[in-house]
Every structure is written in structure tokens, then in C-alpha cells.
Amino acid sequence: KPVWRARRPTGEAITQPRSGTDGANLKTTARREGDHYVVNGQKMFITSGFRADYYTVAVRTGGPGMGGVSLLLIERDRPGFSRTKLRKMGWWASDTAQLFFDNVKVPVDNLIGPENAGFNGIMRNFNPERIMLAAGAYGFAKVCLEEAIDYARQRETFGKPLIKNQVIRHKIVDMAMKVNAVKATLENLALRVEQGEQPVAEICMLKNLSTTTLEWVANEAMQIFGGAGYLRGSKVERIYRETKVMSIGGGAIEIMKDLAARQMGL
């Protein structure tokens, strides 16, 4: 009997080796030849890029800038399409790959939406992705806070629990304050989006607030754990390794600031 398995898609394949997430500066091209596009180029840091069966690929079908970008559905078994696994510092459970397109023929029917109108689809995808990343960062930061409190209550130094030291209690209060600020901002923006708003600037700022808070809180939790936090096996150690990808994925901190500023008319 043949083994059945679900077809696995990947997210949008946008990022490129030299232009990052600058969607308007795409170099991967799709030249139309009759009832096919011929795709050439590369994509980098693509989540689920090695195990996926289908890829939503941003390509240049027109002139320069955002007006010449389209989205194509490309199947993994097309001749000329290959992938390479990438080894990462953290997020080991997340498959990440570099994609290569060497004269890959893709039917015109695989075009997603109108030709040269793919940039709008890219932007509409980024808002929920950034909210998702912010929610993940909040969750990780909350775990670090809870683990730090639990450890400080159990760990004894100089004849008393670690949490009896004022400096430790102050660290925990500062951690809780920042985590709660992220939670409030996240819930407010999630409600606004659910009601049909698209507050791009605020979502960019939320992503930066949540991911920088995660980095800070994970660092403070690691400090409370001391040597125990540097050993493999604790939640804090694993989260600490994976903080940086949160502030880079979906748009790095600097890109988020610039996009927010433009949305604010600055």
C-alpha cells in the first residue's frame, strides 16, 4: 500500500541572500514563455523550506520596485528546483532552508492573484505574521519569568532562599512589569485587527516591544539561574538561545522602526 501523508506547504518565500526581506528589491525572476513562467534565482532563510511540498514564491515578473512583483505556487518536484538545509543557533525544531531555482518551468495557472500585484499579498501576510511573532515572544518571556520565580524560591544561597535578596525581587518585578506591558499592547492590537483595522505602524512597534522584552527578560532569568541556566535542559537556556530569531524573523528591529516611521508620515 502507498503511504499517505498530508501535503505540506511553506509560507511565503520572499527573503533573498543579498536583499533580505526587502520585497520591493526582489532579484528572483519569472520570465513568461507561452503558458509557463521560467524562474531563476535564490531564496534564503525559508521556514519549512526543506520539508514542504508547495512553495509560495515571490518573483519579479515586471519592472523594478513593488509594482513588478508576483506570487507563484511552485511544487517541490519541478526540475531545476533544489534546496539546502541551514543549521541554526536555535529553533532546531523549525526546518529552515535555502532555495535554488535554475530555469524552473511553472505553469501560468500557478500564478496567485494578478500578475505584478503580489506585493500587496506580501504585505497582508506580514501583519498577522508579526502579531504571531509578538504573541510567541510574549509567551516565551512569561515562561522565563515564571521559571525565574520558581527557581529563586527553591534555590538557597548563604542560608536563605535566593528570592529573599532584594536585588532578585527587584529583577523579578522589572521582568513582570515589561511582560505585562507586552500583554496589554498585544491584546489591544489583536482586538483592533479582529475589528478590521490594519494598524501597520503599531504592529511594527509591537513586534519590536515584544521581542526586545523577550531578549531582556530571558537575559535576566539567565542571570537569576546563574550556572544552572547555562546548562542544557532548562527552559530558560533553550529560550535564551532562541531569542534572537524572534527579533530578526518577520522583519528585523531596524526595518520595523523604519516602516513604522513611514506609516506615521515621518
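Selection of first residues in region 87-116 that are closer than 30 Å to G233 by Cα and at pLDDT 90 or above and of second residues that are β-branched (V, I, T) and surrounded by fewer than 15 Cβ atoms within 10 Å (Cβ to Cβ), restricted to Cβ pairs under 7 Å at least 6 apart or on distinct chains, gives the following pairs, ordered by first then second residue: A97/T84; Q98/T84. In region 234-266, of all residues being of a type in the set (D, E, K, R) and free of Cβ contacts under 8 Å to residues at least 60 places away in the same chain, the one that is farthest from R130 (Cα to Cα) corresponds to E237. Contact annotation: residue pairs with Cβ atoms under 7 Å, 6 or more positions apart or on different chains, pairing a residue in region 186-205 that is among the polar types (S, T, N, Q) with a partner that is surrounded by 16 or more Cβ atoms within 10 Å (Cβ to Cβ), are Q198/N127. Within the option set E129, E202, E197, being closer than 30 Å to A58 by Cα, open to solvent by 40 Å² or more (accessible area, probe 1.4 Å), among the charged types (D, E, K, R) and not in a helix (DSSP H, G or I) holds for one residue only, E197. Residues satisfying the criterion are present in region 109-120 (criterion: touching a Gly at 6+ places or on another chain (Cβ under 9 Å), buried (at least 19 other Cβ atoms within 10 Å of the Cβ), on the phi < 0 side of the Ramachandran plot and part of a helix (DSSP H, G or I)). On the given criteria, is V173 in a helix (DSSP H, G or I), more than 21 Å from A137 (Cα to Cα) and either touching a Ser or Thr at 6+ places or on another chain (Cβ under 7 Å) or open to solvent by 80 Å² or more (accessible area, probe 1.4 Å) (or both)? No.
Only one of G227, G233, G250, G265 is at pLDDT below 90 and more than 15 Å from G136 (Cα to Cα). Can you tell me which?
Only one candidate passes the filter, namely G233.
The values are calculated or read from the model by the stated rules, or taken from the named source; none is laboratory data. Just so it is clear, the structure is predicted and the values come from calculations on it, not from any experiment. Note: ideal-geometry Cβ built from the backbone for every residue, glycine included; neighbour counts use all protein chains shown. Just the protein is used for accessible areas: all its heavy atoms, side chains included, with ligands, DNA and RNA removed. Shrake-Rupley method; radii C 1.70, N 1.55, O 1.52, S 1.80 Å.
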